Amino acid sequence: MPISQARIVDWDCTHCGEVFSRLSWLAIDAKERPDLRGQLVGTAQDHCPICERVMQRAQPLLVLRLATVAPLIVARDSQDQMDPLDTLGELVSDVQLALSDARLTVPGPALLLSFRELEAAAGKQIVHDFEVLLAGSSGSDNGNGAFV
């Protein structure tokens, strides 16, 4: 079973009220499918085929192994107050099963991001940016590189 998984999900147009079923990625493992990294940009929006306005994605997105400093990411609409891992339901169990021994490379807890933040992270060199952040921090380090 692949780690990266797509499903047919409903997208609702808040402008004209139409509901459209679309194939949408719900879990993307950047190590398994590096070709899907580009799918992370623009994944939160689509255009309504009726009124052509922008529709916002309602389903959270599980992203694994985008970078060693961010091995597990859950992206969601910034207005969504529900727990995205609960919303993803059995997909989380399916992904854990598919990861098998590779689960050790995906420690928790999940980093919760908005879709906009995920898009920014996908287009950047996360490891380099994190190293720059650590090198520039002062007084927030406990001596071994871990934040307290």
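The values are calculated or read from the model by the stated rules, or taken from the named source; none is laboratory data. Please read these numbers as outputs of a predicted model, since none were measured by experiment. Please note: Cβ atoms are built from the backbone with ideal geometry, for glycine as well, and neighbour counts cover all protein chains shown. Note: accessible area is taken over every heavy atom of the protein model, side chains too, but ligands, DNA and RNA are not part of it. Shrake-Rupley method; radii C 1.70, N 1.55, O 1.52, S 1.80 Å.
Across region 17-36, which residue is farthest from L66 (Cα to Cα) among those that are in a loop (DSSP other than H, G, I, E, B) and not acidic (D, E)?
Result: G17.
Return the only residue of E117, E131 being out of contact with any Ser or Thr (no Cβ under 8 Å at 6 or more places or on another chain), open to solvent by 70 Å² or more (accessible area, probe 1.4 Å), at pLDDT below 80 and charged (D, E, K, R).
The unique qualifying residue is E131.
When you look at T14, is it in a loop (DSSP other than H, G, I, E, B), over 21 Å from E119 (Cα atoms) and among the polar types (S, T, N, Q), yes or no?
yes
Output the residues belonging to region 37-71 that are modelled with pLDDT under 90, assigned to a strand (DSSP E or B) and among the β-branched types (V, I, T).
V54
For every residue, the table says whether it meets (1) open to solvent by less than 80 Å² (accessible area, probe 1.4 Å); (2) within 14 Å of R116 (Cα to Cα); (3) touching a Lys or Arg at 6+ places or on another chain (Cβ under 7 Å); (4) without any contact (Cβ under 8 Å) to a residue 12 or more places away in the chain.
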| position | (1), (2), (3), (4) |
| --- | --- |
| W25 | yes, no, no, no |
| K31 | no, no, yes, no |
| Q39 | no, yes, no, no |
| Q45 | no, yes, yes, no |
| R53 | no, no, no, no |
| R57 | yes, yes, no, no |
| A75 | yes, yes, no, no |
| M82 | no, no, no, yes |
| G89 | yes, no, no, yes |
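Any idea which of (1) open to solvent by less than 70 Å² (accessible area, probe 1.4 Å); (2) at pLDDT 85 or above is the one R7 doesn't satisfy?
Unmet condition: (1).
Collect the residues in region 72-107 that are in a helix (DSSP H, G or I), in contact with a strand residue (DSSP E or B) (Cβ under 9 Å, 6 or more places away or on another chain) and under 19 Å from P2 (Cβ atoms), keeping them in residue-number order.
The answer is L88, L91, V92, D94, V95, A98, L99, A102, T105.
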